[in-house]
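What follows draws every value from the coordinates through simple rules; no lab data is involved. On a predicted model such as this, the values are computed, not experimentally measured, just so you know. Neighbour counts are summed over all protein chains in view; Cβ atoms, including those assigned to glycine, are modelled from backbone coordinates with ideal geometry.
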Amino acid sequence: MEEGTIMEAYEVQYSDLILLSSSSSSSSSGGVSLSLPAEELSRLDSVSVSIMEALGPSGPGLIAVAGVPNASILRRSLLPLARRLALLNRQDRNRILKEHSMGGDVPLKNLDRIVSSFAMQLKYKQDQKSTQNNNGSAEHDCQDVHAFCKIEDEEFMNLGNNFKDLGFRMMELGLHVARICDEAIGGEELVQSLLESCSAKGRLIHYHSKLDNLIIKETGKRKGSSKQKGNLKKDEEDRKTNEQTAGEFTKSCCDPSNLWQQWHYDYGIFTVLTAPLFIKPCYAQSSKMEDHLCKNCEQDFPSPAGHTYLQIFDPNKKEVVMVRASPDSLIVQVGDSADILSKGKLRSTLHSVCRPAKVENLSRETFVVFLQPAWSKTFSVSDYYPMDKPSKEIQRIVPPLASRLKDGMTFAEFSRETTKQYYGGSGLQSKR
């Protein structure tokens, strides 16, 4: 077991979210129908309070939701495709992504990348007919993967449909959580902001194992496209800088230089994500591409430390904790926009994704939906004071909300400023 503090995410049943967010409920009962027995009303009121505590300033800024219909089947069908897409040659990958109206969300030409992300814009009122037949695709995905010794289009046949289906369910989940938060805070700011945006962004993400990077680099060298050697010295310098500026994170469960994703806040309203799937190839690591007989020869692998490897910084306790959630649950995480719109009654979460320390050839797959306001949404912050007061060490790698937000900013302006301060030419993480 890897050392460090593990936090069990507060888990709520999806059926309880439905009851709490029912549009026909009475506001005097906290969003719960008065026709329910008093004992059930009391239980649901307690659930609502616990949700707000978890998402508020004194909590971790996230919850886990269990029992979302078909989410487990769709997760198991969709997530393995992230790795298979990442390891495809560029021509085949581009063709498949185009067929499913998807695109790459990181520079896929970079052979040193440690994350591959595949994105699609999801619209709230999109035709639901395209999301059918998910059960059939799940059955297809459960076939023996050892038989796939070459890439066949059939395994990606339901990629787009399953992406949309799971994405829509996660969008609905976000709306239910927003209604509960609005009920507790007062008003309808969160729900209206989500609906006005008309869309959300879905990302299918593959966090590379070291073996995956070896395969990608070997493939690139064969095509004469590897120009990465000149950057090795620079990468090593950046790694050392990371270690030096991560003093506030020394209680982390993993080495600060060994992160799949650097520390950051999400700048939307909610981020909804699946619990991760871990994949370990069923062949040994080799230094030659010829020895890898089948890139799709893989097997599920339990989390080495029993958690998600999503880690968050708790500003109240001044420590880093690893998040544990049940494999079939969906995690809802608070973003900067929810923090702003709720006037601090919800707290955005500073987080990163950590690599397992002792299992090199393990990859991590997840699916994420980012729920955000309309680009034209204006933030009024005259009576809002950002709660995050990070130390100087943290500010060297994570720009605080107060430095990215000005009164009267639109969400588009806020997102541009946030991206600039993180990753721009002089951004704090521009070299990471």
Rounded to one decimal in nm, the spacing of the 7 Å Cα→Cβ label points at A402 and Q121 is 3.6
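If I take R0 = 22 Å and measure r between the Cβ atoms of R95 and S199 in this structure, what FRET efficiency does the formula 1/(1 + (r/R0)^6) give, to the nearest 0.05? Mind dumping the intermediate values first?
On the way: r = 25 Å, r/R0 = 1.14.
That pair, R95 with S199, gives E of 0.30.
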Beyond 26 Å (Cα-Cα) in this structure, taken from K318/K343; K164/K210; K164/K358; K109/K280, we find K164/K210; K164/K358
Distance in nm between K343 and Q192 label points, each 7 Å along Cα→Cβ, equals 1.5
Non-local residues with an amide H under 5 Å from the amide H of T5, with H modelled 1.01 Å from N and Pro and chain starts lacking one, are M322
Output for the range 344-423: trypsin sites (Lys or Arg not before Pro) sitting in coil per DSSP, at most 11 other Cβ within 10 Å, listed by number, reads K358
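Given R₀ = 30 Å, what would the calculated FRET efficiency be for K420 paired with C282, taking r from the Cβ atoms and rounding to 0.05?
Numbers: r = 43 Å, r/R0 = 1.45.
Efficiency computed from Cβ-Cβ geometry: 0.10.
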If the chain between I18 and A412 were fully extended at 0.36 nm per residue, the gain over the current Cα-Cα distance would be 138.7 nm
